[in-house]
Each structure stands twice: as structure tokens, then as C-alpha cells.
Amino acid sequence: MMPSAASGLLSRIWRRLRGTRQSPSRVALAVAIGLFIGCLPLYGLHFLLCSLICVPLGLDLLLCYLVANISNPLLAPFLVTLEVELGSLVTTGQHAAFTLARAKQTGILGFVWQAGVGSVFVGSGLAAIGAAVAYAVASRIKPVESDALAADRDDELDAALLRTIARYRDAPIADRIYVAAKLRSDPLTRLLAGLPGDFGRVLDVGAGRGQFGLFLSELGRSTEVRGFDSDPRKIAVAQVAAAAAAHFEVQVALEFAARDVDTLLLADVLHYLPLAEQDELLRRAALCVKRGRILIRELDAEPVGRSAVTRVLEWLAMISGYNRGGAGRHYRPASELVAQLTRTGFSCEVQGASQGTPFGNVLIIATRA
């Protein structure tokens, strides 16, 4: 598993434990449940009970179990004494006099019964008090809402990713594995999802198997997705996965007809073309995007270390025939691409696109107002 994929999995597990869609009322509910369970004389089962309630409801399991530890060795003797006393009053109408004679009369099971009955009343009282305090505190902490929104966004991204992968269930197994691994481990997935605004009409140039175009469709932020690639086999896989959600066709990059789009995606395409053809493709891309964005993911040839790693892996892919074996590799600094896009009326932002990988890729976001 790639480091980024492992960290993503751990992040999802952590968010699951901390709950989803948190709000002051949900924080208060988690505290109330934890205090009530912590008062029950079911020692050793408190975490299981907290999990059975919090995980299905999306409540903060860690917070719930933390307050359930009210029955710790320091407080448990006082808690049990109070519970037995209340239980005795409820069941017998008498105080629980802790004497040897009373103990013989009541028996161990009698005290357990009284503690169980009393724990319901003690737990309910502490739950009400704890919930009120937790609600007041959570209402004053602004990050609770922002954390909830971030968690919701991540949940939506993960759901869109799973829906995209599911589209390839009828593809050959090698393609299924490739698409799933690519979407889960490639930093471009989260970079695209994190871009502001809608993508509108999307044109995916050099779409390959179409996974990124379909991912944008599954995010629900595009109105149309079209794409093309020169590899007929990959396009066949893409079109079957797309069904009616997008349209993919076989076409050479420099032969596509100009069409008005809002987002033009060039992911790992330019370096397969000679420099003159790269410039021509960028010129055609600029004609297509009269208002919107061109998104280019490419190797930045300037950073020597990371660039060298990427070049070696691309070379291995070429000699193995795994990916465009007959094409050359023509890398250039990202600053050159930015300069050309700027001359055609775009403002550019460059983001690192290699998080969790040894590569030297960048994402160029060229926007025309």
C-alpha cells in the first residue's frame, strides 16, 4: 500500500471513530451516552456498549468512551455506594446499611440488583448534567462545525471514489486493479476534489481508461464529461465504465476539433509529445477554454532529485511496453508551461502533486476569467 493510501485509510478510520456530522447536540448526546454506560455495573463491557451505539449513529466514540471511564478506580467506590443506596431505597424503601447482618440478609445478588437499579437513576442524572455542560462548551467552540464540514467533504470524496471504481467492475481484472490503485494512491484524486467551484463541461485529453473524468462526474460537480485517447483498448474500457454518464472516443491529441468547454484536463499527456506539439496542444486547449480552467498535471523538470525518479519510472514503463512504449519523453520545467499559458490570457497557480510519492509532479491550474 502506498504511504498516501495508508494515511488515507488511517484518516478514514480516525474520522469514523470520531463520528460524522458533529454538532453541539451530537457532542452532548455522546457525552450523555458515555456517562450513562459508565455508571452501569457491567465492567469490561463499557467499550463494546459505546461502540454498538456510537458507530452506527456516527457519534464520537472516543469522547463517549472517555467519559464512560467515570467508573475508574478512584470514583468507582463512591459511584457504587451511591447506586446501591438509591437502588435500596427504590426496591425496599430502606437505606442500604452496610453492616455484616444486613449483608447476610441481603446477599451478594441483592446488592448487585440494587446497584443495577440504582445505576439507572445515577446514570440518568449524570447524563443529563453532562449533556448540558457538553452542549454549552461545544456551542462555544467554532472548530466543531468546521471539522464536521471537513469530515463530510472527505466522506463525499470517498463515496465518489468508490462509485467510480465500481463502474469498472466489468473491465478486465488488470484494468480494475489499475483504476482502483490509481484513484486511491494518486494525489491528483484529492487535488481535483479539493478545487473550488464546479467543473461544468469537462474535456479529458489523453483520458486513457477515463478514471479521472468519471471521478469528476461522480463528484456531481460536472454537467458533461467527454474524453479521448489514441489507445483504442483503453477507450473501450472507459466507454463501458462510463455507460451514459460520459462519452469517450479514439482520437489523436493534436487532431481534436476545438469545442467550448469549462474544464480541460491534461493529466500526464504533454511529455509524450515533442516540444513543438506540446505548444500546439496548449494553443488548442486555450481556444477551447474561453472561460474556465485548464488543469495540467506534469513532471516539473527543474527539481533534479524527484524529477530523476519520475524519469526512471517512465523509462521502465516505456521499455516494458506497459504505457505508450513507442512514445518519447519530452520533459520541461513547469515555469515554461506557465509562461505560455500566461501569454494566452490565463492566470496560473502551481500546486505540488506528489504528496506521499517520490515523484516530481505538479498541478498547474490555469484560469481564464
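None of the figures in this text is laboratory data; all of them are computed from the coordinates on show. None of these values were measured; they are calculated from a predicted model. Using ideal geometry, Cβ is built from the backbone for each residue, glycine included, and neighbour counts are taken over all protein chains shown.
Based on a Kirkwood Rh over C-alpha pairs, give the Stokes-Einstein translational diffusion coefficient of the stretch 37-79 at 20 °C and viscosity 1.002 mPa s in µm²/s.
Working: Rh = 10.6 Å.
Answer, rounded: 203 µm²/s.
With a sphere of radius 10 Å drawn around the Cβ of residue 287, what net charge do the other residues whose Cβ falls strictly inside it have (Lys, Arg +1; Asp, Glu -1)? Numbers along the way, then the final one.
Numbers: positive: 259, 283, 284, 290; negative: 260.
So the environment of residue 287 carries a net charge of +3.
What is the Cα convex hull volume of the stretch 156-255 when expressed per residue in Å³? Spell out each step's value before the answer.
Details: hull volume 9.1 nm³, N = 100.
In the stretch 156-255, the Cα convex hull volume per residue is 91 Å³.
Multiply the residue separation of residue 342 and residue 198 by 0.36 nm, subtract the distance between their alpha-carbon atoms, and state the gained length in nm to one decimal.
Numbers: separation 144, 0.36 × 144 = 51.84 nm, distance 2.24 nm.
Roughly 49.6 nm would be gained on extension.
Applying 1/(1 + (r/R0)^6) with R0 = 41 Å to the Cβ-Cβ distance of residue 335 and residue 25, what FRET efficiency is obtained, to the nearest 0.05? Before the final figure, lay out each step's value.
On the way: r = 51 Å, r/R0 = 1.24.
It comes to 0.20.
What's the extension gain from residue 257 to residue 190 if we count 0.36 nm per residue and subtract their Cα-Cα distance?
Here the answer is 21.1 nm.
Relative to the present Cα-Cα distance, how much length would full extension add between residue 155 and residue 169 at 0.36 nm per residue of separation? Let's see the in-between values first.
Numbers: separation 14, 0.36 × 14 = 5.04 nm, distance 2.17 nm.
Working it through step by step, the gained length comes to 2.9 nm.
Using a Förster radius of 22 Å, what is the FRET efficiency between residue 47 and residue 74 based on their Cβ-Cβ separation? Nearest 0.05, please. Each step should come with its number before you reach the end.
Numbers: r = 19 Å, r/R0 = 0.86.
Once the sixth-power term is evaluated, E becomes 0.70.
Could you list which residues have their amide H under 5 Å from that of residue 230, counting only those 5 or more apart in sequence or on another chain, with H placed in the peptide plane?
Under 5 Å from the amide H of residue 230: 251.
Mind listing the long-range amide H neighbours of residue 301? Cut-off is under 5 Å, sequence gap 5 or more, other chains count too, H placed in the peptide plane at 1.01 Å from N.
332, 334
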